[in-house]
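Each remark here refers to the structure printed beneath this line.
The values are calculated or read from the model by the stated rules, or taken from the named source; none is laboratory data. As the structure is a prediction and not an experimental result, all values here were calculated from the model. Cβ sites come from the backbone with ideal geometry, for glycine too, and all protein chains shown count toward neighbours. SASA here: full protein model, heavy atoms, side chains in, ligands and nucleic acids out. Shrake-Rupley method; radii C 1.70, N 1.55, O 1.52, S 1.80 Å.
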Amino acid sequence: MKGNFFDSKVFKILFLILIILIVVMVVINTVYNREKSENSNNTSVNELSVENVLTAEEIEENTNQLEIEDLKDKDERTRMQQYCGKFIRYIEEKDYDKAYALLYPDFKNNYFKTVEDFEKYAQEKFPSSLITVEYNNIERQGKYYILFTTIKTPLDTNYSMDQKFILIENGFNDFQLSFDVKLD
């Protein structure tokens with residue numbers, strides 16, 4: 001008898017080739033699964049990025065909703081102070097369009113027909129930065145709130161302007177205001 005098949009060189013070579021093929025298949029399968037997983041993760045990240053992109057309008061609406069929720073728990077005086085603070089913040093940030101949009105229409109028509117007119121006044125009368133507001137008193141006359149304040153800035157200790165704001169609240173975070181225009 002010439003010998004057992006399992007002892008032959010042919011068997012040993014075929015067995016070695018089979019082991020190499022199995023190893024190659026495992027490596028290929030591992031690489032393929034890793035790439036598939038990475039692509040899946042990248043796709044998920046990209047999909048999340050696209051889903052998390054908000055427009056400026058959506059951000060503003062979300063901010064407005066948060067402000068409304070916050071204001072619901074506040075008393076009238078605190079709400080009026082927050083409204084006034086918002087107006088002053090717009091001036092401080094030199095966002096005159098937003099500040100102008102808060103003005104009562106008849107007031108705008110009488111004193112500031114354009115945003116540019118309002119901007120010029122704000123630049124002349126209000127501090128250029130770091131505006132602080134002292135809220136001195138508040139009165140209510142029907143639907144109008146009259147807020148007595150003192151405008152200051154820590155950058156100029158000599159600057160102080162008594163300012164009266166008249167506010168109308170149409171709803172939470174829906175208000176218009178006017179103020180005592182200084183014509184000197």
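Numbers below:
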| item | result |
| --- | --- |
| Ranked order, Arg79, Arg89, Arg140 - accessible area, probe 1.4 Å, largest first | Arg140, Arg89, Arg79 |
| Leu183 - accessible surface, heavy atoms, 1.4 Å probe, Å² rounded to 10 | 140 Å² |
| Whether the range 130-184 is rounded, prolate or oblate, judged on the alpha carbon gyration tensor where a/c under 1.5 counts as rounded | prolate |
| Hull volume in cubic angstrom per residue (convex hull over the Cα atoms of the range 76-179) | 94 Å³ |
| Förster radius 25 Å - calculated FRET efficiency between Glu134 and Glu69 (Cβ-Cβ, nearest 0.05) | 0.35 |
| Of Lys113/Lys164; Lys74/Lys94; Lys98/Lys125, pairs whose Cα-Cα distance is over 23 Å | Lys74/Lys94 |
| 10 Å-binned pair-distance histogram of the chain (Cα, whole percent) | 8, 23, 21, 9, 6, 6, 6, 5, 5, 5, 3, 1, 0 |
| Extension gain from Ser8 to Lys125, taking 0.36 nm per residue of separation minus the Cα-Cα distance | 31.7 nm |
| Zone residues, the range 86-124, relative to Asp180, backbone N less than 20 Å from point 7 Å out along Cα-to-Cβ | 86-89, 103-104, 107-108, 110-112, 121-124 |
| Crossing angle, helix 9-51 versus the chain [Cα axis fit, 0-90 degrees, rounded to tens] | 10 degrees |
| Surface accessible to a 1.4 Å probe, Ser178 within the full protein complex, Å² | 20 Å² |
